[in-house]
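What follows is one structure encoded as structure tokens, with my remarks underneath.
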Amino acid sequence: MTVMDPRDRLIVALDVPDVASAKAMVEGLGDSVTFYKIGYQLGYAGGLPLVRELADAGKKVFADLKMHDIGNTVARGVESVAKLGATFLTVHAYPQTMQAAANASKGSDLKILAVTVLTSYDNEDLKAAGYQLGVSDLVTTRAQQAQVLGVDGLVCSPEEVGNLRKLIKPEMVLVTPGVRPAGADLGDQKRVMTPARAIAAGSDYLVVGRPILAAADPKAAAEAIVAEIAQTRG
Ligand code: C5P
């Protein structure tokens, strides 16, 4: 991976209920944050046009829409998200879905990230859903499929980063949620790493929501994470 500005490696999850709160947060964070994630909560509350607005304002946007449908529908959806000016878009890591998304994003600046196995799933959940593989084998299988199918990167838990980094080619981007600065409230995240450890393990981008959104001073919280990234060899 080319050396990136540490600031550009922090993606702030705009997990807020409405566009006005999102805009206020972006305004307050100012130049300390260059990359935002818009997911279900804000996206379905009228937040999708914000992708274009933020892109036009020089920010990058990760559209965390976790698509999964028949290939044709995925392809058309991917084309629409590319037109919004998003930088990253997530799809679930099913071969047909990944193939359709990777093909549809060609020729645009949009990069497709595959979600291997949701981090809320354990082996029992996979069994109940009809899978024979456990979490770790399914993550490995899907990561390899993603690489073969031309997907640009993966969303993975901090615990998986180290192994995946060894398994896949360096050009594939690894994006890691579940990041908590030392001493921060865990929220509902169970397996967490500090920013420094996640970067050292091989993560390219860190997704951080509540430790910044709920901080008394969100800008200072974001700057502290960027400083930690800057001090770490990744
Ligand atoms: O608030 P917090 O830092 O936990 O936010 C993490 C963000 O990353 C949320 O938007 C969440 O949906 C997302 N995410 C996650 N775990 C995954 C995939 C995405 O926490 N496996």
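Would you mind stating whether A222 is of a type in the set (A, V, I, L, M), within 20 Å of G39 (Cα to Cα) and in a helix (DSSP H, G or I)?
It is true that A222 is of a type in the set (A, V, I, L, M), within 20 Å of G39 (Cα to Cα) and in a helix (DSSP H, G or I).
Can you spot a residue in the stretch 43-55 that is part of a strand (DSSP E or B) and among the charged types (D, E, K, R)?
no
Might you check whether a residue that is acidic (D, E) and farther than 23 Å from D204 by Cα occurs anywhere in the stretch 65-79?
yes
Residue pairs, Cβ under 7 Å, 6 or more apart or interchain, first in the stretch 204-221 and β-branched (V, I, T), second near the ligand (Cβ under 8 Å from one of its atoms) and part of a loop (DSSP other than H, G, I, E, B). List them.
V207/P177
Keeping to the stretch 116-173, report how many residues are within 12 Å of the ligand (Cβ to nearest atom), in a loop (DSSP other than H, G, I, E, B) and more than 14 Å from Y94 (Cα to Cα).
Looking only at that region, the number is 5.
Could you grab me the full set of residues in the stretch 218-234 that are in contact with a Leu (Cβ under 6 Å, 6 or more places away or on another chain) and either among the basic types (K, R) or modelled with pLDDT under 95 (or both)?
K219 - this is the single residue of the stretch 218-234 that is in contact with a Leu (Cβ under 6 Å, 6 or more places away or on another chain) and either among the basic types (K, R) or modelled with pLDDT under 95 (or both).
Return the total of residues in the stretch 10-39 being within 16 Å of the ligand (Cβ to nearest atom) and closer than 13 Å to F62 by Cβ.
Adding up the residues that qualify gives 12.
As an exercise: evaluate L113 against (1) touching a Ser or Thr at 6+ places or on another chain (Cβ under 6 Å); (2) touching a residue at least 60 places away in the same chain (Cβ under 8 Å); (3) not in a strand (DSSP E or B) and give the number of the one condition it does not meet.
L113 satisfies every listed condition except (3).
The values are calculated or read from the model by the stated rules, or taken from the named source; none is laboratory data. Just so it is clear, the structure is predicted and the values come from calculations on it, not from any experiment. Backbone-built Cβ (ideal geometry, glycine too); neighbour counts: all protein chains shown.
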